[in-house]
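This is the structure I have questions about; it appears just below.
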Amino acid sequence: MLTVYIDFQSAASYLALAPTLALSKRLHTTVNWQPFVSWERELPEDRVGDTVTARHQQVRMRARRRVFQRYAKVQGLGLTFRDDPGSADLALGVLALHPELGDTFVGKAFAAYWQHDANLNDLDDVKSLLPVGAPTIDEAAARSALDLAQSAAEAQGVVDTPAYVIDGQVFVGREHLPWIEELLTDG
């Protein structure tokens with residue numbers, strides 16, 4: 001089993017979805033998707049008199065977004081950044097409570113956020129991602145489960161998403177997938 005920490009609001013996590021699923025298919029293993037609340041910043045506005053540091057942050061954030069959009073285009077994905085990223089805590093909490101929802105829920109949640117502008121902190125939007133017969137969402141329990149999962153992830157050394165955990169080692173970023181595959185096939 002491959003454990004992967006994700007955040008539905010993270011473009012890096014979204015872009016790691018297809019390559020991670022492809023890896024799990026090649027290795028005939030399942031992915032243990034785990035929630036992690038990462039920090040997606042809003043794009044700072046240009047203002048007259050900004051400090052060099054503020055201008056540098058703006059340039060880096062724009063460049064980072066362009067890189068993500070290029071990778072999304074290569075994968076044939078829509079990737080639209082929001083002015084206000086909002087919160088995906090409820091959907092992440094549902095994942096924490098019900099990891100058995102797995103690949104299907106994760107794929108639907110990413111598509112809903114990045115392609116359909118869904119609010120993954122809204123009960124109705126999150127319910128729409130669940131399969132028929134899925135457990136009822138208990139919002140308080142989901143948020144509590146997310147808090148516990150976040151603490152556990154941080155204790156393991158997870159600092160950002162996507163994060164892959166193999167034998168206690170944390171690898172942040174999809175660029176590690178070739179190495180991860182090597183570790184999993186040799187181990």
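Do you know which residues across region 105-131 are in contact (Cβ under 8 Å) with a residue 60 or more places away in the chain and outside any helix (DSSP H, G or I)?
Across region 105-131, the qualifying residue is only Leu120.
List pairs: first residue in region 84-103 and touching a residue at least 12 places away in the same chain (Cβ under 8 Å) and within 23 Å of Ala18 (Cβ to Cβ), second residue surrounded by 21 or more Cβ atoms within 10 Å (Cβ to Cβ) and among the charged types (D, E, K, R) anywhere in the structure, Cβ distance under 9 angstrom, at least six positions apart or on different chains.
Note: pairs meeting the criteria are Ala88/Asp7; Leu92/Asp7.
Okay, next question. If I filter region 79-95 down to residues being closer than 14 Å to Gln34 by Cα and among the hydrophobic types (A, V, I, L, M, F, W, C), which single residue comes out as surrounded by the fewest Cβ atoms within 10 Å (Cβ to Cβ)?
Leu90
Still on this model: In region 96-116, which residues are among the β-branched types (Val, Ile, Thr) and buried (at least 17 other Cβ atoms within 10 Å of the Cβ)?
Val106
Rundown of residues vs (1) outside any helix (DSSP H, G or I); (2) free of Cβ contacts under 8 Å to residues at least 12 places away in the same chain; (3) buried (at least 17 other Cβ atoms within 10 Å of the Cβ); (4) not aromatic (Phe, Trp, Tyr), yes/no style:
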| site | (1), (2), (3), (4) |
| --- | --- |
| Gly133 | yes, yes, no, yes |
| Ala140 | no, yes, no, yes |
| Ala145 | no, no, yes, yes |
| Glu154 | no, yes, no, yes |
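Could I ask something else about it? What do you reckon, is Lys25 within 30 Å of Asp138 (Cα to Cα) and modelled with pLDDT of 95 or more? So that I can check it myself, show each step before the final result.
Details: within 30 Å of Asp138 (Cα to Cα): no; modelled with pLDDT of 95 or more: yes.
Against the criterion (within 30 Å of Asp138 (Cα to Cα) and modelled with pLDDT of 95 or more), Lys25 does not qualify.
Given the conditions (1) at pLDDT below 95; (2) surrounded by 14 or more Cβ atoms within 10 Å (Cβ to Cβ); (3) closer than 23 Å to Ala22 by Cα, and given that Arg70 satisfies all but one, which numbered condition is not satisfied?
Single failed check for Arg70: (2).
While we're on this one: Just checking, how many residues over region 161-187 are closer than 15 Å to Thr20 by Cβ and touching a residue at least 40 places away in the same chain (Cβ under 8 Å)?
Counting residues in region 161-187 that are closer than 15 Å to Thr20 by Cβ and touching a residue at least 40 places away in the same chain (Cβ under 8 Å) gives 12.
Output the residues belonging to region 157-180 that are exposed (fewer than 15 other Cβ atoms within 10 Å of the Cβ) and either hydroxyl-bearing (Ser, Thr, Tyr) or more than 16 Å from the chain's Cα centre (by Cα) (or both).
Gly157, Asp167, Gly168, Gln169, Pro178, Trp179
Would you say Asp117 is farther than 23 Å from Pro19 by Cβ and out of contact with any Phe, Trp or Tyr (no Cβ under 6 Å at 6 or more places or on another chain)?
Details: farther than 23 Å from Pro19 by Cβ: yes; out of contact with any Phe, Trp or Tyr (no Cβ under 6 Å at 6 or more places or on another chain): yes.
Yes, satisfied.
The values are calculated or read from the model by the stated rules, or taken from the named source; none is laboratory data. Being a predicted model, the structure only gives us computed values, none of them experimental. Heads up, the Cβs are rebuilt from the backbone with ideal geometry, glycines too, and the neighbour counts pull from every protein chain shown.
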